[in-house]
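J.: One structure coming up, written as structure tokens, with questions to follow.
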Amino acid sequence: MSAPSLYEAIKDDFGYLQLGRAAECFATLAETADREGWSHIEYLARVLAEQVASTTNRRLAARLRYARFPYRRSVEDYDYEFQPSVDRKMVADLATLRFITENRPVLFLGQPGCGKTHLAVALAIRAVEAGYRGYFSTADDMAHALVAARRDGTFAHRLRTYTAPTVLVLDDVGLLPTPPGGAAEIFHVVSNRYERGHPTLVTTNRGLPEWGSVFGDPVVAGAILDRLMHNAVVFNIKGPSWRMRQHNALETASRSSDPPEDRPPNGNGRRRR
């Protein structure tokens, strides 16, 4: 068999095995191997390394799409100087992902805009990058979706959306009123995840004693907190809002760029013409 025919056959075989990156690079790497005197084992290792890197990146991209994170963030991006109440060492410990193997829920409390969601999403993304499955939902979206699923007979399927991923970010608990029946459905998610050993990352701008009114049922709220607080890591972020800081900075910049107003030169309130 001629070299071009052999190359085409190898390319087809790689395609059949769904090794797309290997199909793309094996010929170029063969030329490099011949030029630089690689051994057969070294050449094979290079081709496999290219395929593994491509497969890893493709799977990561798929997990990130599935997770529905609102944005990409990292723990390194967080401005600890702006929020000194956040324990940097504790965040670094969570970033090792030990909280997953230990099934430790993480709760971020604080006013809107203080960086709660940033940290929760950053930790969940770190988990997804390590190979775990993650998912993001606001508490309001989850409650409405589960209530609707209960009504149309798809509850079991919808429940798995929130319980199957290893890490779940439950965002903005208490920001919006819980719909009728929603508290019980959120309890099912939290309880199921607790039993499966899957940690939940929660952000809320409401104090934990307020959760009875948040969910409209103190008994259900207590049951949810009982599972979330067991072995939990809790951050109470007391700093100001990031968005308000940006707003104030823009306002200050706008004022400083305005031309100075004409002032009366002689102090009598009249402009000289």
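The values are calculated or read from the model by the stated rules, or taken from the named source; none is laboratory data. Source: prediction; values computed, not measured. Positions of Cβ are generated from backbone atoms using ideal geometry, with glycine treated the same way; all protein chains shown enter the neighbour counts. Quick note on the areas: whole protein, heavy atoms, side chains included, nothing else; ligands and nucleic acids left out. Shrake-Rupley method; radii C 1.70, N 1.55, O 1.52, S 1.80 Å.
J.: Determine whether the range 151-163 contains at least one residue that is in contact (Cβ under 8 Å) with a residue 24 or more places away in the chain, in contact with a helix residue (DSSP H, G or I) (Cβ under 6 Å, 6 or more places away or on another chain) and of a type in the set (A, V, I, L, M).
T.: Checking the range 151-163: not a single residue is in contact (Cβ under 8 Å) with a residue 24 or more places away in the chain, in contact with a helix residue (DSSP H, G or I) (Cβ under 6 Å, 6 or more places away or on another chain) and of a type in the set (A, V, I, L, M).
J.: Could you say whether any residue in the range 70-93 is of a type in the set (S, T, N, Q) and either farther than 30 Å from T138 by Cβ or surrounded by fewer than 13 Cβ atoms within 10 Å (Cβ to Cβ) (or both)? Walk me through it before giving the result.
T.: Going residue by residue through the range 70-93, those that are of a type in the set (S, T, N, Q) are 74, 83, 85.
Still in the list and also either farther than 30 Å from T138 by Cβ or surrounded by fewer than 13 Cβ atoms within 10 Å (Cβ to Cβ) (or both): 85.
Yes, because at least one residue in the range 70-93 is of a type in the set (S, T, N, Q) and either farther than 30 Å from T138 by Cβ or surrounded by fewer than 13 Cβ atoms within 10 Å (Cβ to Cβ) (or both).
J.: Is it true that some residue in the range 17-26 is over 30 Å from G131 (Cβ atoms) and open to solvent by less than 60 Å² (accessible area, probe 1.4 Å)?
T.: To start, the set of residues in the range 17-26 that are over 30 Å from G131 (Cβ atoms) comprises none.
There is no residue in the range 17-26 that is over 30 Å from G131 (Cβ atoms) and open to solvent by less than 60 Å² (accessible area, probe 1.4 Å).
J.: Any residue that is closer than 19 Å to D140 by Cα, open to solvent by less than 60 Å² (accessible area, probe 1.4 Å) and in a strand (DSSP E or B) - is there at least one of those in the range 212-219?
T.: The initial filter retains those residues of the range 212-219 that are closer than 19 Å to D140 by Cα, namely 212-218.
If we keep only those that are open to solvent by less than 60 Å² (accessible area, probe 1.4 Å) too, we end up with 212, 214-215, 217.
Cutting the leftovers down to in a strand (DSSP E or B) gives us none.
No, that holds for no residue.
J.: Let me ask something additional. Run Q51 past the list (1) closer than 27 Å to R196 by Cα; (2) touching a helix residue (DSSP H, G or I) at 6+ places or on another chain (Cβ under 9 Å); (3) not β-branched (V, I, T) and report the number of the one that doesn't hold.
T.: With respect to (1) closer than 27 Å to R196 by Cα; (2) touching a helix residue (DSSP H, G or I) at 6+ places or on another chain (Cβ under 9 Å); (3) not β-branched (V, I, T), Q51 is out only on (1).
Condition check ((1) within 15 Å of the chain's Cα centre (by Cα); (2) crowded, with 21+ Cβ neighbours inside 10 Å) across all residues:
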residue: V106; (1), (2): yes, yes
residue: L109; (1), (2): no, no
residue: G115; (1), (2): yes, yes
residue: T138; (1), (2): yes, no
residue: R151; (1), (2): no, no
residue: V173; (1), (2): no, yes
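J.: Report every pair of residues separated by at least 6 positions or lying on different chains whose Cβ atoms are under 9 Å apart, first residue within the range 196-224 and touching a residue at least 24 places away in the same chain (Cβ under 8 Å) and small (G, A, S), second open to solvent by less than 30 Å² (accessible area, probe 1.4 Å) and part of a strand (DSSP E or B).
T.: Partner pairs satisfying both residue conditions: G207/L109.
J.: So which of S74, S85, S54 ends up being of a type in the set (S, T, N, Q) and under 13 Å from the mean Cα position of the chain (by Cα)?
T.: Result: S74 is the single residue among S74, S85, S54 that is of a type in the set (S, T, N, Q) and under 13 Å from the mean Cα position of the chain (by Cα).
J.: If I go through the range 184-199 residue by residue, how many of them are open to solvent by less than 10 Å² (accessible area, probe 1.4 Å) and in a helix (DSSP H, G or I)?
T.: 4
Table: residues versus (1) crowded, with 17+ Cβ neighbours inside 10 Å; (2) closer than 23 Å to R196 by Cβ; (3) modelled with pLDDT under 95.
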| site | (1), (2), (3) |
| --- | --- |
| A67 | yes, yes, no |
| H118 | yes, no, no |
| G131 | no, yes, no |
| D141 | no, yes, no |
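J.: Got a sec? Which of R59, R63 is among the basic types (K, R), closer than 30 Å to L201 by Cβ and loosely packed, with under 15 Cβ neighbours inside 10 Å? Spell out the reasoning first.
T.: On the way: R63 fails: loosely packed, with under 15 Cβ neighbours inside 10 Å.
Testing whether each residue is among the basic types (K, R), closer than 30 Å to L201 by Cβ and loosely packed, with under 15 Cβ neighbours inside 10 Å leaves just R59.
J.: Filter the range 202-223 for residues that are hydroxyl-bearing (S, T, Y) and in contact with a helix residue (DSSP H, G or I) (Cβ under 7 Å, 6 or more places away or on another chain) and give the result. Don't jump to the end; show me each part of the working.
T.: So the first thing to find is which residues in the range 202-223 are hydroxyl-bearing (S, T, Y), and the list is 203-204, 213.
Scanning the range 202-223 gives a single hit, T203.
J.: Working carefully through the options V202, V234, V169, find the one that is open to solvent by 20 Å² or more (accessible area, probe 1.4 Å), within 18 Å of A124 (Cβ to Cβ), outside any helix (DSSP H, G or I) and hydrophobic (A, V, I, L, M, F, W, C). Let's see the steps before the verdict.
T.: Details: V202 fails: open to solvent by 20 Å² or more (accessible area, probe 1.4 Å); V169 fails: open to solvent by 20 Å² or more (accessible area, probe 1.4 Å).
It is V234.
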